[in-house]
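The values are calculated or read from the model by the stated rules, or taken from the named source; none is laboratory data. Since the structure is predicted, the reported quantities are computational estimates derived from the model, not experimental observations. In this analysis, Cβ positions are derived from the backbone assuming ideal geometry, glycine residues included, and neighbour counts consider all displayed protein chains.
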Amino acid sequence: MMQIKRLCYHYKGDRELLKDVSFDIEPGKFLAILGNNGVGKSTLLKCFNQILKPDSGEVLLDGENLLTMSAREVAKRVAFVSQSVPDTQLTVHDMVMLGRRPYMNWGFTEADHAIVHDAMHRLDVEDMRGRFLSQLSGGEKQKVMLARALAQQPKVLLLDEPTSALDIQNQYQVLNMVRQICHQDQMIAVVVIHDLNLALRFCDRFLLMKDGQVYRYGDHTILDSIALKEVYGVEAKVVEIENRRMVLVEE
C-alpha cells in the first residue's frame, strides 16, 4: 500500500504548487495522474522518490516513509522512468544493468545478471542487448528504460509522460507492458499522462488534479462531464464504443 499524506510543495520564489495532496493506492493498480499543464502532475510524481523534496507531508510505502530514507534505499523500492531517454554509447545490456546499482557492493553477481536478463526478456529487448542506445528508435529506448526499472525490483514504478514522443503503436505496446507488469507482479504503477483515452484504456485508477489539489480520485467513473468541464474547460463525456471507453469532445 502506498499512502500520500498532506503533501505540499513550492518552487523557490514561486507560489505553492501542491496543496495538501492525499490519496492511497493498492498493489497491482495502475494509476493515471491527470490534469492541465502546470497543475503539478510531474512535480507530484517527483516528490514520491526524492527527486524533489516536499515542503511537508509523507509518502508511505507499506508504512515506511520514503522521504526519510537514503537515496539507495528509495531506489530499492521505487523506479522512475522519464519521458526523455539519453543518447548514450552504453549498450542495452549495460543500461539495464544500471538498475542493479542500488544492490551493488563490490560488483555485479550472477544473481544480478539473472535478474537483468529476465527483465530484458520480459520487455522483449534481449535481441538488442549488444546495441548502443543511440542506435535505437524511441519506442525501443523506452522499453529498455522500463527493463532497467524492472531490474531494480521496485514495489512502485513511476512514469513521467513515457509515451509523449512515441507513435501510436509504441504507445500501446509500452503502456500494455506496464499494465501487465503491474498486475502480474502486484506492483504499483503511477503514470503522468495527457492522453485521456490512453489513460482510460490502460489504467484502473485516476487522480484528477486542479489548482495543485486532488479534484477527484477513483475509478473511471470520476471522469464524467462535470469533471471534464471543470478541470479541462471542455464540453465532453465518456462514451463506450466496442467495449472501450473514450472521451468524446462536443463541438
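If you go through the stretch 49-70 one residue at a time, do you hit one that is touching a Phe, Trp or Tyr at 6+ places or on another chain (Cβ under 9 Å) and closer than 14 Å to LEU207 by Cα? No, every residue in the stretch 49-70 fails to be touching a Phe, Trp or Tyr at 6+ places or on another chain (Cβ under 9 Å) and closer than 14 Å to LEU207 by Cα. Of the residues making up the stretch 66-88, none is among the aromatic types (Phe, Trp, Tyr) and at pLDDT below 95. Considering only the stretch 1-27, state which residues are over 23 Å from CYS182 (Cβ atoms), exposed (fewer than 15 other Cβ atoms within 10 Å of the Cβ) and among the aliphatic types (A, V, I, L, M). Those that are over 23 Å from CYS182 (Cβ atoms), exposed (fewer than 15 other Cβ atoms within 10 Å of the Cβ) and among the aliphatic types (A, V, I, L, M): none in the stretch 1-27. Within the stretch 165-191, can you find the residues that are within 12 Å of ARG122 (Cβ to Cβ), among the polar types (S, T, N, Q) and within 15 Å of the chain's Cα centre (by Cα)? Of everything in the stretch 165-191, just one residue is within 12 Å of ARG122 (Cβ to Cβ), among the polar types (S, T, N, Q) and within 15 Å of the chain's Cα centre (by Cα), namely GLN180.
Scanning the stretch 117-137 for residues that are among the charged types (D, E, K, R) and assigned to a helix (DSSP H, G or I), we see that the one that is surrounded by the fewest Cβ atoms within 10 Å (Cβ to Cβ) is ASP127. For the stretch 28-37, does any single residue satisfy the condition of being part of a loop (DSSP other than H, G, I, E, B), assigned by TED's automatic domain parsing to the domain that holds ASN176, surrounded by 13 or more Cβ atoms within 10 Å (Cβ to Cβ) and among the polar types (S, T, N, Q)? Within the stretch 28-37, one or more residues are part of a loop (DSSP other than H, G, I, E, B), assigned by TED's automatic domain parsing to the domain that holds ASN176, surrounded by 13 or more Cβ atoms within 10 Å (Cβ to Cβ) and among the polar types (S, T, N, Q). Restricting the stretch 52-71 to residues that are more than 20 Å from LEU18 (Cβ to Cβ) and outside any loop (DSSP other than H, G, I, E, B), the residue that is nearest to the chain's Cα centre (by Cα) is ALA71.
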